[in-house]
Amino acid sequence: MNTVLQAGSLFLEGLLSFFSPCVLPLIPLYFAYLTNGSKSTDEEGNVHYDRLKTFSLTVGFVLGICTVFAVASLLTPVLRSTFQNYQVLFEVIGGMLLIFMGLGALGVIQIPLLSKLQTSRAANETMSFAKAWLFGFTVSFAWTPCVGPMLAQAIMQASRAESAAGGYLYLGCYTLGFVIIFLIAGLFTSEILELLKKFRNVLKYTGILCGLIVMGTGAYLLVQGIQGYGRIINTETPPQADVQETEVSENTEEAATVDQYDFELEDNDGNTVSLRDYKGKVVVLDFYETWCTYCNESLGTLAKADAMDDVEVLMVVTPDIGTEGDREYIKQFLADKGYSFHLLYDESGQATRLFGITGYPTTYFIKPSGEYYGYMPGYMPEENFMELIEECRSE
């Protein structure tokens, strides 16, 4: 039953994607281009459309869209990691792109692709199935700023499915929701274009409204990205030296401690935890994400360290932030791999910002005295990992 509900919700998300301000206002232009190979004019000047030919061209257009969605699903691990690590950059670029598209929809600037669709040269081109496929494949990228978040959600749900078949079912339901109105419009092109012509004046104002919505969305993303960049620049973080270079000589400044850089987070037992609670032990503070390949390759090493009596492994996770799952998903994900770590839930991102985390995994080593020994971004071989623990013990 849960699978049916998930599939149904993704189908509805696909429908909502179709009605997004990057797609809906341009439907008349798409079909004006697609029907170039199927329309004819009788002796009285009336335009007619070959229903079967129009539908076949629409199928080609839809298959081009589906190709982009399929490629996105195959690249899920890479895309999830990339979008998570460069979220601020994508917010800035996406915001600027949406503002640009909004200005195009309002007629303030000319966008070459849209201008081509409205020229007589484009109107005289004969559309073929291959051209329709290429057209669908190409314009899908222009929809990315609006459709991207919902497509990413569909890919996330598919990646969490219990089986590969279930994942394909989820993605198929989202894709069907997105393209089904295109297919219906391909069967009833004449009727729909007549309806659009009848309400042309209304559509003009609808286009203006959609253009304003696109610009507003773009401005919001751009502001979020700029604020996120500001947080990265201004966030005060513990010393970011390589762990191999963290030996403190007598002339250096006093080392940072957990009394200076600490947080309070709820753990998987419902207790509020702070780093000061673990003075007297070597603390391995690991920032982890379930989608991160190298994070998962480090789990065995972390488990060996966690089994030591004088070592405490604290794994900071960010439920429901970005592409990460909720609390139950993270616990179940680790349990399925045979691990049970002491999880700290950074649901507001406070600890992640405090430590300036820009990539995963990132692991901090803290001496029993509470002093930060150093940190290591990325994957670390087990031998080096254990050497760092021994160095923390001997300090």
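The values are calculated or read from the model by the stated rules, or taken from the named source; none is laboratory data. Computed from a prediction, not measured in an experiment: that's the story for all the values here. We place every Cβ from the backbone using ideal geometry, glycine too, and count neighbours over all the protein chains shown. Note: accessible area is taken over every heavy atom of the protein model, side chains too, but ligands, DNA and RNA are not part of it. Shrake-Rupley method; radii C 1.70, N 1.55, O 1.52, S 1.80 Å.
Given the options Thr301, Thr293, name the one that is among the polar types (S, T, N, Q), modelled with pLDDT of 90 or more and under 23 Å from Gly359 (Cβ atoms). Walk me through it before giving the result.
Details: Thr293 fails: modelled with pLDDT of 90 or more.
None of the others qualify; the one that does is Thr301.
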message: Which pairs turn up if I take residues in segment 354-371 that are basic (Lys, Arg) and look for partners that are open to solvent by 10 Å² or more (accessible area, probe 1.4 Å) with beta carbon separation below 9 Å, at least 6 apart in sequence or on another chain?
response: Lys367/Ala255; Lys367/Tyr373; Lys367/Glu391; Lys367/Arg393; Lys367/Glu395
- prompt: Which of (1) assigned to a loop (DSSP other than H, G, I, E, B); (2) open to solvent by less than 70 Å² (accessible area, probe 1.4 Å); (3) on the phi < 0 side of the Ramachandran plot is the odd one out, the single condition Gln260 does not satisfy?
  reply: (2)
statement: Across (1) in contact (Cβ under 8 Å) with a residue 24 or more places away in the chain; (2) in contact with a strand residue (DSSP E or B) (Cβ under 6 Å, 6 or more places away or on another chain), Thr293 clears everything bar (2)
- prompt: Where residues in segment 303-336 are part of a helix (DSSP H, G or I) and among the small types (Gly, Ala, Ser), which of them is farthest from the chain's Cα centre (by Cα)?
  reply: Ala305
message: I need the full set of residues from segment 2-56 which are on the phi < 0 side of the Ramachandran plot, part of a loop (DSSP other than H, G, I, E, B) and either at pLDDT below 70 or surrounded by fewer than 15 Cβ atoms within 10 Å (Cβ to Cβ) (or both), in order please.
response: Phe19, Ser20, Pro21, Cys22, Ser38, Asp42, Glu43, Glu44, Asn46
statement: Condition set closer than 20 Å to Lys281 by Cβ and polar (S, T, N, Q), scope segment 363-395, selection modelled with the lowest pLDDT: answer is Ser394
task: Please go through segment 282-321 and pick out each residue that is closer than 15 Å to Ser340 by Cβ and among the aromatic types (Phe, Trp, Tyr).
output: Tyr288
